[in-house]
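Engineer: Submitted below is the structure of interest, expressed as structure tokens.
The values are calculated or read from the model by the stated rules, or taken from the named source; none is laboratory data. What you are looking at is a predicted structure, and each value in this text was computed from that prediction instead of being measured. Backbone-built Cβ (ideal geometry, glycine too); neighbour counts: all protein chains shown. Side chains included, ligands, DNA and RNA excluded: accessible areas come from the protein's heavy atoms. Shrake-Rupley method; radii C 1.70, N 1.55, O 1.52, S 1.80 Å.
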Amino acid sequence: MGYIPLIIILGAVVALFFMVVNNTLNSKKKAILLYQNSIIEGLSKFGNQVKTEPKIDEKTFELIEGAYKKTKSGLEAKNDNIFDTEVKVPFQSLKLTKAQYNKLIGKRPYSFVASLMGHKTI
């Protein structure tokens, strides 16, 4: 009878850990989609249309990165500040968030939770 509360508490801690990790991974995915949308809108202001919807897959990342490099290479000096705020900052944040997401999934206890919850590396 004395072990039942300990088992319940341990189960609750494990369930809470699963919920926190799942919530963290989902919030990083939402942030990635928001950054992608922001970059696509920013690139369209410079006349470079990215023909894709924000999705979490490697093809979308390659299209956005290619459009980013193309726009950056053909940029005029007077548009540098606008480009930095509209495209460069969200692009850097996108890369950082993607790296954080993949690093979190690569760690030991989080990889187990991610595989059970259906999260995959990007």
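Engineer: Out of every Cα pair in the stretch 2-54, what percent are spaced more than 19 Å from each other?
Structural biologist: 55 percent
Engineer: Averaged per residue, what accessible area in Å² does the stretch 1-103 show with a 1.4 Å probe, protein chains only?
Structural biologist: Averaged over the residues of the stretch 1-103, the accessible area is 67 Å².
Engineer: Return the subset of K28/K107; K59/K88; K28/K78; K78/K98; K29/K59 for which the Cα-Cα distance in this structure is over 26 Å, preserving the input order.
Structural biologist: Going by Cα-Cα distance, K28/K78; K78/K98 fall outside the 26 Å limit.
Engineer: Less than 16 Å apart at the alpha-carbon level, and either on another chain or at least 8 residues along: which aspartates and glutamates does that give for K70?
Structural biologist: Output for K70: E41, E62, D80, D84, E86.
Engineer: Also: With θ set to phi - 60° and the Karplus curve 6.51 cos²θ - 1.76 cosθ + 1.60, what are the ³J(HN,Hα) couplings of the stretch 112-117 in order, to the nearest whole Hz, using x for Gly and Pro?
Structural biologist: Each residue of the stretch 112-117 in turn: 5, 5, 4, 5, 5, 8 Hz.
Engineer: So, one more: If you wrap a convex hull around the Cα atoms of the stretch 55-122, how much volume per residue is inside, in Å³?
Structural biologist: It is 82 Å³ per residue.
Engineer: Something else now. Per residue of the stretch 45-56, what does 6.51 cos²θ - 1.76 cosθ + 1.60 with θ = phi - 60° give for ³J(HN,Hα)? Whole Hz please, x for Gly and Pro, Karplus curve as stated.
Structural biologist: Going residue by residue, I get 5, 9, x, 9, 8, 9, 8, 7, 8, x, 9, 9 Hz, with x marking Gly and Pro.
Engineer: As a test of the formula, what do you get for the chain when each DSSP H run with n ≥ 4 contributes -39,500 (n - 2.57) and the sum is divided by the residue count, at 222 nm and rounded to the nearest 500 deg cm²/dmol?
Structural biologist: My calculation for the chain gives -25000 deg cm²/dmol from helical runs alone.
Engineer: Now for a different question. Using 0.36 nm times the number of residues separating A12 and L63, minus their current alpha carbon distance, what extension gain do you get?
Structural biologist: My answer for the length gained is 14.1 nm.
Engineer: Among (i) 75, 25, 20; (ii) 58, 45, 23; (iii) 42, 35, 29, which is the computed Cα extents along the principal axes in Å?
Structural biologist: Answer by label: (i).
Engineer: Then there's this: State the extension gain, in nm to one decimal, for the chain segment bounded by I4 and N26, taking 0.36 nm per residue of separation less the distance between their alpha-carbons.
Structural biologist: 4.6 nm
Engineer: Follow-up. In degrees, nearest 10, range 0 to 90: what is the angle between the Cα axis of helix 89-106 and the longest Cα principal axis of the chain?
Structural biologist: It works out to around 30 degrees.
Engineer: On the accessible surface of the chain, probed at 1.4 Å, how many percent belong to carbon and sulfur atoms?
Structural biologist: 60 percent
Engineer: Scan the stretch 67-122 for trypsin sites (Lys or Arg not before Pro) in coil per DSSP, keeping those whose Cβ has at most 13 other Cβ atoms within 10 Å, and list them by number.
Structural biologist: K107, K120
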